[in-house]
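The values are calculated or read from the model by the stated rules, or taken from the named source; none is laboratory data. Being a predicted model, the structure only gives us computed values, none of them experimental. Here the Cβ is made from the backbone with ideal geometry for all residues, glycine too, and neighbour counts use every protein chain on show. Surface accessibility is based on the protein's heavy atoms, side chains included, excluding ligands, DNA and RNA. Shrake-Rupley method; radii C 1.70, N 1.55, O 1.52, S 1.80 Å.
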Amino acid sequence: MKVLIAVTHLLGTGHLSRALTLGRAFASENHQVTVVSGGFPAPQLSAQGLQFEQLPPLRSDGVEFSRLLGTDGTVADKAYHARRRQQIQALVQDQQPDVLITELYPFGRRSLRAEFRALLEAAHALPRRPLVLSSIRDILAPPSKPKKAEDADAMIAAYYDGVLVHSDPKATTLDVSWPVSGMLASRLQYTGYVAPPAAAPHPEGLGKGEILVSAGGGSVGDALYACAIDAAKLMPDYRWRILVGGADARARIADLEDAGSPAILEPARPEFRAMLPHAAASVSMCGYNTALDLLQSGTPAVLVPFDAGKEVEQSLRAQSLSPLAGIEVEGAATLTPARLCAALSRAMHDTQRGLDGFEFDGAHRSVEIAATLLRRQRA
């Protein structure tokens with residue numbers, strides 16, 4: 001199969017990371033895969049083995065996802081968006097994929113709906129229409145108005161053959177965060193979680209006995225980092241390593257550094273997942289990929305969900321994980337160094353969390369589902 005995956009990450013890099021993991025699963029089955037990315041480059045993420053196409057990149061203005069900025073940091077104008085649409089339409093016409101997957105859309109990225117509609121119309125106009133699937137994580141940002149869910153349903157009914165829900169339904173079903181109509185329910189395909197294989201512990205023991213603080217690959221988390229810097233002064237028996245994400249990590253580290261704190265500050269490391277099994281504990285937000293890393297590693301964790309603006313996705317995910325052993329949840333608004341240390345102590349002294357019980361092979365299951373649906377479509 002020729003597979004085209006379209007993704008635009010606007011703040012962090014989780015959407016792109018998941019799309020690349022999905023693409024690698026297709027490639028491992030000898031399918032030809034192209035990932036077209038509309039977000040800013042994320043060099044820490046590997047696209048090895050895949051064809052990677054970069055659109056003129058966009059990012060959100062903080063958590064203002066309707067205000068999209070281009071490469072020069074100003075609001076992208078109509079001509080900028082037109083270049084993106086033209087490039088993605090040309091890519092569809094040139095490649096003529098058998099399978100088209102849109103990551104998150106139409107359940108999100110409403111500010112890019114003209115672009116996605118152009119992509120879908122180009123796909124439907126091909127001599128042989130591809131199988132069209134939406135790819136979504138376990139928990140979505142709930143629609144603020146009923147019309148948003150109705151609009152998503154209309155797009156699914158008009159253009160899509162199925163929706164890949166990258167969740168284990170034993171843990172979380174889509175209706176926790178999104179109204180599921182009868183039409184939508186008939187198109188849902190639960191895949192299990194999309195995660196790379198569990199990382200082997202770092203061969204040199206990097207991170208051993210440390211408290212690892214992270215906030216994903218985007219330029220967010222400064223308040224969490226600052227709190228951790230002060231918390232490290234209250235727990236001097238542990239080495240604290242604070243991994244700062246984003247392309248501007250070094251500049252932000254210079255602003256955050258505190259000579260009175262023993263914490264180590266450095267840019268986010270590509271070997272972070274291999275460090276987790278060695279760590280005494282993790283302090284992080286609760287994005288999809290981070291949550292899966294913690295479930296796979298079993299590391300005691302304090303989750304501080306990202307809740308700026310109207311974001312509730314991470315809070316819902318953290319609530320779903322909070323009953324598990326060794327996981328504590330703290331709200332960002334009430335977090336203090338003392339509360340963080342108390343939560344870490346509870347997590348580290350709790351029962352060891354089991355590593356089984358969840359389905360993590362959602363990427364390969366997605367390949368099987370796509371192949372089955374394509375056979376049915378072309379029978």
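So, for the range 205-342, what is the accessible surface per residue at a probe of 1.4 Å, expressed in square angstrom? All intermediate terms of the calculation are to be shown ahead of the outcome.
On the way: 5370 Å² over 138 residues.
Per-residue accessible area for the range 205-342 comes out at 39 Å².
Placing unit charges on C-beta atoms (Lys and Arg positive, Asp and Glu negative, everything else neutral), compute the dipole magnitude of the range 219-288 about its Cα centre in debye, rounded to 20.
Details: 7 positive and 9 negative charges, 49 e Å.
The calculated dipole for the range 219-288 is roughly 240 debye.
Ignoring ligands, DNA and RNA, what accessible area per residue does the range 1-128 give at 1.4 Å, in Å²? Don't skip to the answer; put the middle values down first.
Details: 5470 Å² over 128 residues.
In whole numbers, the range 1-128 has 43 Å² accessible per residue.
For the cross-link pairs K208/K310; K2/K147; K78/K145, which exceed 32 Å when the distance is taken from alpha carbon to alpha carbon?
Numbers: K208/K310 36 Å; K2/K147 34 Å; K78/K145 27 Å.
Pairs exceeding the cut-off: K208/K310; K2/K147.
Express the carbon and sulfur contribution to the solvent-accessible surface of the chain as a percent, rounded to the nearest whole number, probe 1.4 angstrom.
Details: 8240 of 16220 Å².
Ligands and nucleic acids excluded, carbon and sulfur reach 51 percent.
Among A76, P43, Y288, pick out the residue whose Cα is farthest towards the positive end of the charge dipole of the chain, where Lys and Arg carry +1 and Asp and Glu carry -1 on C-beta, about the Cα centre.
Farthest along the dipole direction, towards plus: A76.
Roughly how tilted is helix 288-297, in degrees to the nearest 10 and between 0 and 90, from the longest Cα axis of the chain?
Between helix and principal axis, roughly 60 degrees.
May I ask you to evaluate 6.51 cos²θ - 1.76 cosθ + 1.60, the Karplus curve with θ = phi - 60°, for each residue of the range 190-195 and list the ³J(HN,Hα) values in order in whole Hz, giving x for glycine and proline?
Result, rounded to whole Hz: 6, 9, x, 6, 8, 9.
No solvent, one uniform scatterer per C-alpha: report log10 I(q)/I(0) for the range 243-306 via the Debye equation at q = 0.13, 0.16, 0.20, 0.25 1/Å, two decimals.
Relative scattering, expressed as log10 I(q)/I(0), comes to -0.40, -0.61, -0.91, -1.19.
Between F306, F26, F65, where does the largest GNM mean-square fluctuation fall for the chain, given springs only between Cα atoms within less than 10 Å?
F65
Using a simple charge model, +1 on the beta-carbon of Lys and Arg, -1 on the beta-carbon of Asp and Glu, nothing else, what dipole does the range 108-151 show about its Cα centre, in debye to the nearest 20? Before the final figure, lay out the partial values.
On the way: 10 positive and 5 negative charges, 14 e Å.
The calculated dipole for the range 108-151 is roughly 60 debye.
Highest mean first, what order results for 370-379, 325-334 on Cβ atoms within 10 Å? Before the final figure, lay out each step's value.
Values: 370-379: 14.2, 325-334: 16.2.
Going by the mean number of other Cβ atoms within 10 Å, highest first, we get 325-334, 370-379.
Long-range amide H contacts for V33: which residues qualify at under 5 Å (H placed 1.01 Å from N, peptide plane, sequence gap of 5 or more or a different chain)?
Amide H neighbours of V33, under 5 Å, 5+ apart: V3, Q51.
Just to confirm the number: angle between the C-alpha axis of helix 222-234 and the first principal axis of the chain, 0 to 90 degrees, nearest 10?
Tilt of helix 222-234: around 20 degrees.
With volume of the Cα convex hull per residue in Å³ as the read-out, I listed (1) 187; (2) 133; (3) 146; which label goes with the value calculated from this structure?
Label of the calculated value: (2).
Taking the Cα centre of the range 167-274 as origin, work out the dipole magnitude from +1 charges on Lys and Arg Cβ and -1 charges on Asp and Glu Cβ, in debye rounded to 20. Could you put the intermediate results ahead of the total?
Details: 10 positive and 13 negative charges, 73 e Å.
About 340 debye.
Along the range 335-348, what does the Karplus equation 6.51 cos²θ - 1.76 cosθ + 1.60 (θ = phi - 60°) give for ³J(HN,Hα), rounded to whole Hz, x for Gly and Pro?
6, 10, x, 5, 5, 4, 5, 5, 5, 4, 4, 5, 5, 6
Relative contact order for the chain: what is it in percent, counting Cα pairs under 8 Å that are at least 6 residues apart? List each step's numbers first, then the result.
Values: 743 pairs, mean separation 57.9, N = 379.
After rounding, I find 15 percent.
For the chain, take the longest principal axis of its alpha carbons; what is the angle in degrees between that and the long axis of helix 78-95, to the nearest 10 within 0 to 90?
70 degrees
Only Cα pairs under 8 Å and at least 6 apart count here; give the relative contact order of the range 316-372 as a rounded whole percent. Before the final figure, lay out the partial values.
On the way: 27 pairs, mean separation 18.9, N = 57.
This gives 33 percent for the range 316-372.
Amide H neighbours of D361 under 5 Å, at least 5 residues apart or on other chains, H built in the peptide plane: list them.
The list, which skips near neighbours in sequence, is Y193.
Give the distance, in whole Å, between the Cα centre of the range 247-312 and the Cα centre of the range 190-244.
Cα centroid to Cα centroid, the span is 4 Å.
Taking amide H positions as placed 1.01 Å from N in the peptide plane, with prolines and chain starts having none, which residues 5 or more places from R67, or on another chain, fall under 5 Å of its amide H?
Those lying under 5 Å, H to H, from R67 are D61.
Which of the peptides 252-263, 152-163 is most tightly packed, and how do the rest follow, going by the mean number of other Cβ atoms within 10 Å of each residue?
152-163, 252-263
How high is the relative contact order of the range 195-254, in percent, with contacts defined as C-alpha pairs under 8 Å that are six or more residues apart?
Once normalised by length, the contact order is 41 percent.
Measure out, as a whole number of angstrom, how far apart the alpha-carbon centroids of the range 107-154 and the range 27-77 sit.
17 Å
Once the dipole of the chain is set up with Lys and Arg at +1 and Asp and Glu at -1 on Cβ about the Cα centre, which of A157, V304, L10 lies farthest towards its positive end?
It is A157, whose Cα lies furthest towards the positive end.
To the nearest 500 deg cm²/dmol, what mean residue ellipticity at 222 nm is calculated for the chain from DSSP H runs of n ≥ 4 alone, each contributing -39,500 (n - 2.57), summed and divided by the residues? Present the calculation step by step, with values, prior to reporting the outcome.
Working: 12 runs with 137 residues, N = 379.
Calculated from helices alone, the mean residue ellipticity at 222 nm is -11000 deg cm²/dmol.
Charges on Cβ only, +1 for Lys and Arg, -1 for Asp and Glu, centred on the Cα centroid of the range 301-379; of S315, S366, A379, which one is farthest towards the dipole's positive end?
Farthest towards the positive end: A379.
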